[in-house]
Each structure stands twice: as C-alpha cells, then as structure tokens.
Ligand SMILES: NC(=O)c1ccc[n+]([C@@H]2O[C@H](COP(=O)([O-])OP(=O)(O)OC[C@H]3O[C@@H](n4cnc5c(N)ncnc54)[C@H](OP(=O)(O)O)[C@@H]3O)[C@@H](O)[C@H]2O)c1
C-alpha cells in the first residue's frame, strides 16, 4: 500500500511517499481503509523528532493522526465496531500506532467513533484533534453564557472551532488573528477582531472573563491583568512550561488558569458531534490530494492557511 513515511527524524526532506506492507489486523485492533486524513502541527513536530522518546526509533514511520475511513477488518471483539462501518477519529501515533497518511491503518478502537449520519466525511476527518482539544479547555471555563471571551489564534485549527463553540454558547467573543485572516475571523460570528500584527492583543482598557489562548502565544502572567474577577486563562500550551505556570497560578486569588489538552474522552467526542451536527460548528477546510501531502506539510509549517488541511486519501 502507499503511505507517507519518514525513515529518520528531520526536516521536510525526510517525508516520502513509499510502498509499504499493508498492516495485518492484530488482536484487539481495527484495520481501517482511510478515506480522508487531516494534518495538525504535531505531524511536523513528530517528523522533526520532538517527541522521539514517545514515538520511538522504529522506521519507516507513517505520519498522520486524524482520519475518516471504513473498517475493513475488526479484531476488537469487545468493541462496537464491525466490518464495513464508516468511522472517524485519531490514530495514536504518539503511542506508536501507525499513522493515518496511508491507504490503510491498523489502530486500537480507543479514539475511534462511528461516523454520525449528519456529519460529512471531510468534516469528520478534520475535527478530532483540534475539536477535542478545544472542548477539553472550554469545559473547564464553564459556565459560558454571556461571558466576554478573547480567543487568541482564532482562525487556526483549534482556534476556529473554539471561537465557534464560544459564540454558539452565547459568549461575546473577540477574535485575535493576523491581517490576512481578518475576513475569516469575522465570518465566525465574533463581535470584534484584533489583528495581532498591528495591534496590542491585551490592551489595558479591555477586560475579559475568559482568555482562550489557542495559539499558545500568551501566558498567565500577562493574561491575568486583563481578566475580570474569577476570570480564566486557558491555553493549549503543553509540557513543563505550562505545568510550571499552572502551579504558579494557584497562588493568585480570583484568577485561574487551565490547560486545554487533548484527552479523547468519549463524552468529549459526543459533545463535539452534537456541536458539529446540530449547532452549526463547522471546520473550515482546505483540500489536498494524497500526492500533495508534502505541499500540505509546507503550508502547515508556514502557517499560510486557516482552519484545517484535509488530505483525500481514497481516490474514487
Ligand atoms: N494541549 C494539547 O493537547 C494540544 C493539542 C493539539 C495542539 N496543541 C497546540 O496548540 C497550538 C495550536 O494548534 P492548532 O492546531 O490550532 O495550530 P494551527 O492550525 O497551526 O493554528 C495556529 C494559529 O496560531 C495563530 N498565531 C500564530 N502566531 C500568533 C501570535 N503571535 N499571536 C496570536 N496568534 C498567533 C495563527 O494565526 P495566523 O495564521 O493568523 O498568524 C494560527 O491561527 C499548537 O501550538 C499545538 O502544538 C496542543
């Protein structure tokens, strides 16, 4: 089968389209024929080797997390899944599962969901990592109704979904993006847009109940000055720095910090499905063919896009 693989960690040059053996469906696993896969910043970070203590030294390694596809074999007997079922979800490449940028992948059912009738295949492939990361943080910021919210990085993968969710939940949202994305930010139903290239994001005269930092470019120390009493700073930042400021934030009275982390809980999947299928929260998608994965990675790394980059893997 064809797959986009790396045979070493490194820059864009290590990503190649190769013929590799189709995986055999092991006990407890599902074999999925991939229809669509979507990219996330972790894809090029894994390629670079930033998580090699988790992703290991076994090559070739197929990249890609998010997908939509069809189960062609199920050896996960205790799961709800059957051959022929359409599904979407996340291939856990951090835990050394094969990625989704391949014609087939073999994965555990943990982050796999049946494709809901009213979510189309492309949208389903785009929402798992970004949508569940957004939901995990937004849940910690509740109650949301009538809250004044700033979303930093409002047109990126996580940010554009988070912005739509806050708007849908009745918040008054200010979106932060660069000049080229102002029109996209305005289309998300926000009341104000701040162009971070030309304006101060945290200006002294505007206070918020929630600062949701999808881009992970602010920090609690800065954000807390612009938070109302009991306000929350929520960031997608990962790792030691985020944990350090989380600990530090506990010493500040009346201002909180939380981390918006991908956990992939079933309850979060259900909330995401409801928001996408019934509440008009929709990913903005740019489409690429399977032969253009290297081009899509370049776009992802340059940041010259908004929403999600989706790869059509199955050619009809
Ligand atoms: N904690 C978790 O579990 C988790 C899970 C997934 C991702 N993440 C992290 O979350 C972050 C965002 O992920 P994503 O998928 O949304 O990435 P993305 O699709 O690449 O979007 C990044 C966004 O950041 C904006 N941005 C860049 N520089 C900025 C600045 N100085 N100020 C404000 N906004 C800025 C970009 O806006 P413009 O294009 O307008 O410049 C873009 O909209 C990444 O750092 C990723 O590693 C965390």
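Coordinate-derived values only; no laboratory data. Since the model is a prediction, treat every value here as computed from it, not as a measurement. Please note: Cβ atoms are built from the backbone with ideal geometry, for glycine as well, and neighbour counts cover all protein chains shown.
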Rel. contact order, % - alpha carbon contacts under 8 angstrom, at least six apart, the chain = 18 percent
Two-site label geometry, residue 253 and residue 73: point separation in nm, points 7 Å out along Cα→Cβ | 6.3 nm
Taking Cα atoms, the helix 239-249 axis meets the longest principal axis of the chain at an angle in degrees (rounded to 10) of 30 degrees
Grab every C-alpha pair in the stretch 2-59, bin the distances at 10 angstrom width from 0 up to the longest one, and report whole percents.
-> 19, 44, 36, 2
Which residue, 11, 89, 137, tops the fluctuation ranking in a GNM of the chain built on C-alpha contacts under 10 Å?
-> 11
Folded to 0 to 90 degrees: helix 266-278 orientation relative to the chain principal axis, Cα = 80 degrees
Fewest first, what order do 268, 302, 73 take by the number of other Cβ atoms within 10 Å?
-> 302, 73, 268
At residue 291 and residue 94, where each label point lies 7 Å from the Cα along Cα→Cβ, what is the point-to-point distance in nanometres?
-> 3.5 nm
Given the options 68, 106, 18, which has the most mean-square fluctuation in a GNM of the chain, springs set between C-alpha atoms less than 10 angstrom apart?
-> 18
Tilt, helix 157-168 to longest principal axis of the chain (alpha-carbon atoms), in degrees rounded to tens, equals 50 degrees
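In which sequence would 108, 100 go, from the one with the fewest C-beta neighbours within 10 Å to the one with the most? Working shown, then result.
Numbers: 108 16, 100 33.
With the fewest neighbours first, 108, 100 line up as 108, 100.
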Identify the residues of the stretch 1-19 with backbone N under 16 Å of a label point that sits 7 angstrom from the Cα of residue 50 along the Cα-to-Cβ direction, or state none.
-> 9-12
Can you list, bin by bin at 10 Å, the percent of alpha carbon pairs in the chain, starting at 0?
-> 6, 27, 33, 23, 9, 1
Taking the chain as a Gaussian network, where each spring joins two C-alpha atoms under 10 Å apart, which residue of 76, 154, 130 fluctuates the most?
-> 76
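With each run of n ≥ 4 DSSP H residues scored as -39500 (n - 2.57), what mean residue ellipticity at 222 nm is computed for the chain after dividing by its residue count and rounding to the nearest 500 deg cm²/dmol?
Working: 9 runs with 87 residues, N = 316.
Theoretical 222 nm ellipticity from helices: -8000 deg cm²/dmol.
Based on the alpha-carbon set only, what is the convex hull volume of the stretch 151-239 divided per residue, in Å³? Spell out each step's value before the answer.
Values: hull volume 8.7 nm³, N = 89.
So the per-residue Cα hull volume is 97 Å³.
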Using alpha-carbon pairs under 8 Å, 6+ residues apart, how would you state the relative contact order of the stretch 8-122 in percent?
-> 32 percent
Taking only C-alpha pairs under 8 Å that are 6+ residues apart, what is the relative contact order of the stretch 130-259 in percent?
-> 22 percent
